[in-house]
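Notes follow the structure.
The values are calculated or read from the model by the stated rules, or taken from the named source; none is laboratory data. Because the structure is predicted, anything quoted here is derived from the model rather than measured. Glycine also receives a Cβ, built like all others from the backbone with ideal geometry; neighbour counts cover every protein chain displayed. Keep in mind that these areas ignore ligands, DNA and RNA; they rest on the heavy atoms of the full protein, side chains included. Shrake-Rupley method; radii C 1.70, N 1.55, O 1.52, S 1.80 Å.
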Amino acid sequence: QKEVEQNSGPLSVPEGAIASLNCTYSDRGSQSFFWYRQYSGKSPELIMSIYSNGDKEDGRFTAQLNKASQYVSLLIRDSQPSDSATYLCALGFQKLVFGTGTRLLVSP
Amino acid sequence: DVKVTQSSRYLVKRTGEKVFLECVQDMDHENMFWYRQDPGLGLRLIYFSYDVKMKEKGDIPEGYSVSREKKERFSLILESASTNQTSMYLCASVLSGRPGELFFGEGSRLTVL
């Protein structure tokens, strides 16, 4: 069973700051990693995927993967109040395993 | 846009009742999934299906069954609902060529009394 660990938070950052969300995993064989965002009362939506060591940037979002240390991170630059949500880390191929999520609060 | 539709947003059932949760997707996705989401436990996979009439158990299949008679429809069945099945149920679909890029329905909140 793959395990995915996330700090539940809340992680509180002021508007305009960088939010850093972290995720560690136990299965060294994992190859595919995903970040989902879930607003309160809504269903998760995919925001980033990463498969190779290093950084992957998409707008204000950067995913970072370090397979040797078994962690994956999500950086959100210029955080906005609209980024306030729970961020779920997931890994797997056809069948995803999710972490319990980190709640992010961005204050104006 | 991909649309995954769950037929019931809110249900209240009594212990022992049979419950059907329906999910339909409109993008010809091969793979479909049923998860439940509980506070502190996150999303846990109940069952999934890679093709019509095909099903595989996820991590917590006990007390559940599924049916996939048509490619676009994946149903979750609680044969005899129990209070510990009170939860948010989320259906998802994905193209087989884009694993991990799940599209979720809006969820069905089930309360079993």
Notebook entry, point to check: Mind listing which trypsin sites (Lys or Arg not before Pro) in region B:27-113 are in a DSSP loop and have 16 or fewer other Cβ atoms within 10 Å?
Noted result: B:K53, B:K71
Item checked: Magnitude of the charge dipole, region A:38-104, Cβ model with Lys/Arg +1 and Asp/Glu -1, debye to 20 -> 220 debye
Notebook entry, point to check: Of all accessible surface on chain A at a 1.4 Å probe, what whole percent is carbon and sulfur?
Noted result: 47 percent
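Give the percent of DSSP beta bridges with both residues in chain A that are antiparallel, rounded to the nearest 5. Present the calculation step by step, with values, prior to reporting the outcome.
Numbers: 36 of 40 bridges.
Approximately 90 percent, going by the DSSP bridge assignments.
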Notebook entry, point to check: What accessible area per residue, rounded to a whole number of Å², is obtained for the protein assembly as shown using a probe radius of 1.4 Å?
Noted result: 48 Å²
Notebook entry, point to check: What are the extents of the Cα atoms of region A:6-59 along their three principal axes, listed from largest to smallest and rounded to whole Å?
Noted result: 35, 25, 21
Next item on the list: Return a single number: how many Lys pairs in chain B, at a sequence separation of 8 or more or on separate chains, have alpha-carbon atoms below 24 angstrom apart.
Entry: 15
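Stokes-Einstein D for chain A at 20 °C, 1.002 mPa s, Kirkwood Rh over Cα pairs, in µm²/s?
On the way: Rh = 13.7 Å.
Reported coefficient: 156 µm²/s.
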Next item on the list: Report which residues of region A:77-108 become buried by 20 Å² or more of accessible surface when going from the isolated chain to the complete set of protein chains (1.4 Å probe; DNA, RNA and ligands ignored).
Entry: A:F93, A:Q94, A:K95, A:L96, A:F98, A:T100
Check: Residue by residue through region B:13-29, which ³J(HN,Hα) values in whole Hz follow from phi under the Karplus form 6.51 cos²θ - 1.76 cosθ + 1.60 (θ = phi - 60°), with glycine and proline marked x?
Finding: 10, 9, 3, x, 6, 8, 10, 10, 10, 9, 9, 10, 10, 10, 10, 6, 6
Margin query: Are there any residues in region A:1-20 with a reduction of at least 20 Å² in accessible surface when going from the isolated chain to the assembly of protein chains? Probe 1.4 Å, please list them by number.
Written below: A:Q1
Check: Cβ under 11 Å from B:T83's Cβ, B:T83 left aside: what net charge do those residues give with Lys, Arg +1 and Asp, Glu -1?
Finding: +2
Checklist line | Among A:D58, A:D27, A:D83: highest mean-square fluctuation, GNM of chain A, C-alpha pairs under 10 Å | finding: A:D58
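Within chain B, what's the longest run with no GluC sites (Glu not before Pro) in a DSSP loop and at most 12 other beta-carbon atoms within 10 Å? Give the range, please. Before the final figure, lay out the partial values.
On the way: sites that count: B:E62, B:E79.
So the longest stretch without any such site is B:1-61.
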Checklist line | Interface residues in region A:28-45 - accessible area drops by 50 Å² or more relative to the isolated chain, probe 1.4 Å | finding: A:S43, A:P44
Check: For region A:1-43 and region B:14-41, what is the separation of their C-alpha centers, rounded to whole Å?
Finding: 23 Å
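Could you work out the per residue convex hull volume over the alpha carbons of the protein assembly as shown, in cubic angstrom?
On the way: hull volume 26.5 nm³, N = 221.
Normalising the Cα hull of the protein assembly as shown by residue number yields 120 Å³.
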Item checked: Buried accessible area, chains B and A (both chains, 1.4 Å probe, Å² to nearest 100) -> 1600 Å²
Note to self: Based on alpha-carbon atoms only, what is the radius of gyration of region A:39-95 relative to the globular estimate 2.2 N^0.38 Å?
What the structure shows: 1.21
